[in-house]
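The values are calculated or read from the model by the stated rules, or taken from the named source; none is laboratory data. The shown structure was predicted, so the numbers you read here are calculated from the model rather than taken from an experiment. Neighbour counts run over all protein chains shown; Cβ positions are idealised from the backbone, glycine included.
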Amino acid sequence: MLTGANRLQHSNTATTVRLLDGKPQVLDGPFSDSKEQLAGYYLIDVSNLDAAIAWASRCPGAVHGVMEVRPVWTAPYDAPSAP
């Protein structure tokens with residue numbers, strides 16, 4: 001059963017979060033030093049980017065890798081509806 005399907009905005013909207021000595025390091029833009037692939041994602045409903053960064057810095061994956069924070073893509077209001 002499909003419980004959700006979301007498209008993320010383009011990677012140029014990303015904010016990258018990683019932990020360095022236990023403290024969050026925040027960089028504008030995606031992390032592109034190597035050929036990472038999206039292994040999955042968490043969808044959280046927060047009020048702003050700062051709140052999303054705070055959640056990303058608490059994620060266990062930030063200790064061993066990089067968390068990329070991106071907004072969910074929404075269709076433009078003038079997009080045609082599905083038949």
For region 1-20, give me each residue that is of a type in the set (S, T, Y), at pLDDT 80 or above and over 13 Å from M67 (Cα atoms). T13
Looking at region 65-80, can you tell me whether even one residue there is at pLDDT 80 or above, farther than 25 Å from A5 by Cβ and surrounded by fewer than 13 Cβ atoms within 10 Å (Cβ to Cβ)? no
Just to be sure I understand, how many residues within region 21-59 are under 10 Å from V69 (Cα atoms) and modelled with pLDDT under 75? 2
